[in-house]
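The values are calculated or read from the model by the stated rules, or taken from the named source; none is laboratory data. All of these numbers come straight from a predicted model, not from anything done at the bench. No Cβ is skipped: glycine too gets one built from the backbone with ideal geometry, and neighbour counts run over all protein chains shown. These area figures cover heavy atoms from the full protein model, side chains too; ligands, DNA and RNA do not enter into them. Shrake-Rupley method; radii C 1.70, N 1.55, O 1.52, S 1.80 Å.
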Amino acid sequence: MLLFQDLLEIIRSEAKKTLSGIEEKEVIFDPTEHAHITLRLIKYGKTETNFDGKLDKICSDIEKLGFVSSVKKEGYYVNVYLNPIAILNTISESIHTAGIFPDSFQDPERVSVEHTSTNPTGPIHMGRVRNSVIGDSVAKLIERYGYRVTKQYYVNDSGKQMLSLYLGYEKFHKGDELTVANLLDGYVKIYNYFEEQKSEREVEDLMERYERGDGELIKNVREIASVVLESIIKDLEKLDIKFDEFTWESEFITSGETKEVIRKLSENLETDEKDGAKYIDIPNLRKIYLERGNGTSLYVTRDIAYHMYKFSQYDRCIIVLGEDHKEHGKIMNFIMHTLLGYENQMDFIFYGYVNLESGKMSTRKGTSIPVSEVYNKLVEKASQEIEKRYGSSDKSTAEKIASSALRFYILRINPSKPITFRWEDALDFNGETAPFIMYSYTRASSILEKSGSGGNFTEEDMNKEEIDLIVHLYEYPYKLKEAFNSLKPEVLATYLLSLSKKFTSFYENSRVIDQKDEIKNRRIAIIKSYTSIVQDCSSILGIKNVNKM
RNA sequence: GGGCUCGUGGCCUAGUCUGGAUAAGGCACCGUCCUUCUAAGUCGGUGAUCGUGGGUCCGAAUCCCACCGAGCCCGCCA
């Protein structure tokens, strides 16, 4: 939970002394340019008697607050102007004492964030990584809020796709070196082979052997999955995405937990007359099969087993899935909560596809864009840009720029919207990008490096840009709250961009190092607050700031 | 056919949940600013029937209905 002085709430409770019904959404940071904080009281104009007098009373009550400098009544709005020095001091104090603004305290609730979980059938591509980037930022957001978070990767090593990968390798590359390239080649070939044969019989036989617990087969498939998984992990580490736990799907089969799922749900299961397959008939939806006629389990069965495990370890589970899994989310909610009676909170985050201008990405068809390819091109471009400015390249900075740019390119877009991947956009370092945010940060660092450590200051000659920036800095906890409540890291991406723009306009209008102390020290304090909040917000989004670029 | 999602200047995005002060940014394009803390930047300009048509409301990009377009789901696949 976050700890900070909630200005909106304090103002609201003052106003409620006069108009008791004022709601949270009616006291807001003004999105227009009229005020810092505004009370939108239009709807009370009709119902309240002596409304104008009541507005005056509200204004005078709010004006007495220490962090308020003035209040103006304009139409049905009450416009509040904050005392920038008081606000700046509050932020500075928090950073001084807690090292951070806003402060937070540890909540005992344990949260699992499951993301990526892509089948290890090939290198991770730009479509799949949307899952990872969203999931990792959500995990960091929740951690920042004070929860204990475990980042989990559910490794599918037991389905048809994995066994096809295995079969492709056995058939076309047996004896060859066990590399991602060979595996991928066999994978493409095996699907062509299925088409030629007009049958997937061979892989179906494997699936049955696998489910019956053929130890040798399970071991071999896992070995192959590990090779591909390693390459995925390596690619993601470059983007600062790491996992705390890998759970192998096959473990739920070999441990008998999928059978346990069938037992637990036995009262709700119906049996198919044809061959004895078992299913749940979900009202207003359809039949969901949990056991095939041959007694083997299905994806849903294993996912139920996985969530029973997660619910035993965590109070809340967050799962990031592609939008094609929306119905699966409904199914899981119904089974886990309605049928099995679990009370653990379960939230799904769904995201849209990343397409190419030419159509969909597909590993099998060879039309996907691997993350590593985009990352490498970004490193190359960043190196060139650095060389242009400093005459020599700096690998570490280039990698930070690349990783930040890649994450931000995906993260700033609302997950429910599809993305069309374009190289020119992904490689852009201008405008609304991570490099712009990083650049504004380096300008701030540069001033701090040259200006000394600061000291006492006054309100003398304070300009509009300083005040704007300070007020916007104080919006950070509210943005954190909004992002947390809705599980939307893109809220922070949008905020960080607008904060960086405000800093830039401050930078253009407010010199620091050659000013007299009263002013210089104040601007140093502003910049220190700014860099602290940018660092904090960046770490959630996966932007790695540098002091020079 | 049923269900879900998306549609905002030439292109990309914010705002939509929770209706309110002139629809906010970026890219591209035209023009401006480096003896001044990093020009990956700044300032100015061109450019929007907020998919279409109805409705509710004092007030609609936002809520409701219908329609159009794009995508996804509707497997004893995952």
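Would you mind checking the pairs A:LYS242/A:LYS544; A:LYS238/A:LYS381; A:LYS171/A:LYS326; A:LYS189/A:LYS219; A:LYS151/A:LYS488 and listing those with alpha carbons more than 26 angstrom apart? Exceeds cut-off: A:LYS171/A:LYS326. Once you order the gyration tensor axes a ≥ b ≥ c over the Cα atoms, which shape class does segment A:431-549 get: rounded for a/c under 1.5, otherwise prolate or oblate by comparing a/b with b/c? Prolate, because a/c is 1.5 or more and a/b exceeds b/c.
Out of all Cα-Cα pairs in chain A, roughly what percent, to the nearest whole number, are more than 37 Å apart? Counting pairs separated by more than 37 Å, the tail of P(r) holds 44 percent. How large a share of the accessible area of segment A:115-356, in percent, is made up of carbon and sulfur atoms when the probe is 1.4 Å and the other protein chains stay in place? The value for segment A:115-356 is 44 percent carbon and sulfur by accessible area. Need one word for segment A:271-318: rounded, prolate or oblate. Basis is the Cα gyration tensor (sqrt eigenvalues a ≥ b ≥ c); a/c below 1.5 gives rounded, then a/b vs b/c decides. Taking the square roots of the gyration eigenvalues as a ≥ b ≥ c, segment A:271-318 is oblate. In loop segments of segment A:240-291 as defined by DSSP, the GluC sites (Glu not before Pro) with at most 11 further C-beta atoms inside 10 Å of their C-beta are A:GLU273. Largest first, the three principal axis extents of the alpha carbons in segment A:115-356 are 51, 50, 35 Å in whole numbers. Just the number, please: carbon plus sulfur as a percent of the accessible area of segment A:371-541, 1.4 Å probe, no ligands or DNA/RNA counted. After summing per-atom areas, the C and S share lands at 44 percent. Solvent-accessible area assigned to carbon and sulfur over segment A:2-82 amounts to 51 percent, based on a 1.4 Å probe. Across chain A, the mean sequence separation of Cα contacts (distance under 8 Å, 6 or more residues apart), normalised by length, yields a relative contact order of 15 percent. Hydrophobic, long helices, defined as DSSP H runs whose alpha-carbon span along the helix axis is 30 Å or greater and whose mean Kyte-Doolittle value is at least -0.5, occur in chain A at A:215-237, A:489-509, A:517-541. Across segment A:212-282, C-alpha contacts under 8 Å between residues 6 or more apart give a mean separation that, scaled by the residue count, equals a relative contact order of 18 percent.
With both residues required to sit in chain A, DSSP beta bridges show an antiparallel share near 50%. Think of a 1.4 Å ball rolled over the protein heavy atoms: chain A then has 45 Å² of accessible area per residue.
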